[in-house]
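Novice: First the structure, then my questions, so here it is.
The values are calculated or read from the model by the stated rules, or taken from the named source; none is laboratory data. These figures come from a predicted structure and were not determined experimentally. Virtual Cβ from ideal backbone geometry, glycine too; neighbours counted across all protein chains shown. Note: areas computed on protein heavy atoms with side chains; ligands, DNA, RNA excluded. Shrake-Rupley method; radii C 1.70, N 1.55, O 1.52, S 1.80 Å.
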Amino acid sequence: MSFTIAVAGKGGVGKTTLCGLLVQYLCEQGKKPVLAVDADANSNLNEVLGVEVEMTLGEIREEVANSENAAQRSVPVGMSKADYMEMMVNRCLIEDDDFDMLVMGRTQGKGCYCFVNGLLQTQLARMAPNYPYVVVDNEAGMEHISRGVLPKVDMVLLVSDCSRRGVQAVARIADLVNELELKPKTMGLIVNRAPEGRLNEGTMEEIEKHGLTLLGVIPQSIEVYEYDCEGKPTVELPSGSPVKQALRDIIDKLEI
């Protein structure tokens, strides 16, 4: 059975960066292979991990849609749509030395994400048992949790910045997890980008008000900012980086 870790929080708080560093640390600890899942339509986890994306699940939707049009038919003659879908999904799986990665991606133009969500749900159920750990970078919201896209969740890492709005956002996600009775073994808050790695009283009051379990604090880092500006994978940060060390300390305490 795989151990599934869902990383969630509002947009712009750095959850994708922490998700990538988490994947890297699990691999370094010998807990590999890890399946990294970028379940955000606005995907960029691959940039954090330093891998190229050939195809996303969202692009498969377009391929299937085109197959309905004889003038733009994508499915080879004599191949069933189901076999074609399986072939295309295999192209979506990015294989690295220590981890594999599946990217949801976005659809083109109009249309909802129901098809892509369903495809992601199906592939996670099929692939997850082959990996000891699955790390899912969720969208900036609660859709994948509310729609039951994740087959199971063993741990929910709620990521927020130091703002009250960020804490309020993850508190709503925590409430939803409880309402849906997902019953993860662990659910707690990581506060990211804290000046000097400290929280002020206002932030602490908001955390306590919502009854959130504070797992740890990640310091604000000019290194992370510079790597992002230069287009360098965040996982290439020096091993002594305060951000990496803070995350390692949190994960070690959780005894994943």
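Novice: Apply the Karplus parameterisation 6.51 cos²θ - 1.76 cosθ + 1.60, with θ equal to phi minus 60°, to every residue of region 244-256 and state each ³J(HN,Hα) to the nearest whole Hz, in sequence, with x for glycine and proline.
Specialist: Here the 3J(HN,Hα) series is 4, 5, 5, 5, 4, 4, 5, 5, 4, 5, 6, 6, 5 Hz.
Novice: Can you tell me which of Gly211, Gly148, Gly105 moves the most in a GNM of the chain? Springs connect C-alpha atoms under 10 Å apart.
Specialist: Sorting by GNM fluctuation, first place goes to Gly211.
Novice: Would you mind checking Lys185/Lys232; Lys183/Lys232; Lys32/Lys244; Lys10/Lys253; Lys152/Lys253 for any pair whose Cα atoms are more than 27 angstrom apart? Intermediate results must be reported in sequence, preceding the final value.
Specialist: Numbers: Lys185/Lys232 34 Å; Lys183/Lys232 37 Å; Lys32/Lys244 19 Å; Lys10/Lys253 25 Å; Lys152/Lys253 22 Å.
Violating the 27 Å limit, Cα to Cα: Lys185/Lys232; Lys183/Lys232.
Novice: At 7 Å along Cα-to-Cβ for each site, give me the label-to-label distance between Leu254 and Asn178 in nm.
Specialist: For the pair Leu254/Asn178, the computed spacing is 1.9 nm.
Novice: By what distance, in whole Å, do the Cα atoms of region 5-55 stretch along each of the three principal axes, largest value first?
Specialist: 30, 26, 15
Novice: Also: Give me the percent of accessible area attributable to carbon and sulfur for the chain, probe 1.4 angstrom.
Specialist: On the way: 5660 of 12430 Å².
That fraction is 45 percent.
Novice: Another question, then. Between the DSSP loop rule and a limit of at most 13 other Cβ atoms within 10 Å, which GluC sites (Glu not before Pro) in region 121-187 are left?
Specialist: Working: sites: Glu139, Glu143, Glu179, Glu181; in loops: Glu139, Glu181.
Counting only loop positions with at most 13 other Cβ atoms within 10 Å, the GluC sites (Glu not before Pro) in region 121-187 are Glu181.
Novice: Region 151-237: Rg/Rh from Cα coordinates, Kirkwood Rh? Please list the in-between numbers first.
Specialist: On the way: Rg = 14.7 Å, Rh = 14.2 Å.
When Rh is taken as the Kirkwood radius, the ratio is 1.04.
Novice: How long is the gain from Asp98 to Thr186 if the chain were fully straight, where each residue apart is worth 0.36 nm and the alpha carbon distance is subtracted?
Specialist: On the way: separation 88, 0.36 × 88 = 31.68 nm, distance 2.49 nm.
Full extension of this stretch gives 29.2 nm more.
Novice: Separate question: Cut-off 10 angstrom, C-alpha nodes, Gaussian network model of the chain. Which of Asp98, Asp83, Asp175 fluctuates the most?
Specialist: Maximum among the listed residues: Asp83.
Novice: Now for a different question. Mind checking the per residue accessible area of the chain for me, 1.4 Å probe, whole number of Å²? Can you show the working numbers first?
Specialist: Values: 12430 Å² over 256 residues.
It amounts to 49 Å² per residue over the chain.
Novice: Based on a Kirkwood Rh over C-alpha pairs, give the Stokes-Einstein translational diffusion coefficient of the chain at 37 °C and viscosity 0.692 mPa s in µm²/s. Walk me through the numbers on the way to the answer.
Specialist: Values: Rh = 19.0 Å.
Here the translational diffusion coefficient equals 173 µm²/s.
Novice: Might you report the magnitude of the Cβ-based charge dipole of the chain about its Cα centre, with Lys and Arg at +1 and Asp and Glu at -1, to the nearest 20 debye?
Specialist: The dipole of the chain has a size of about 680 debye.
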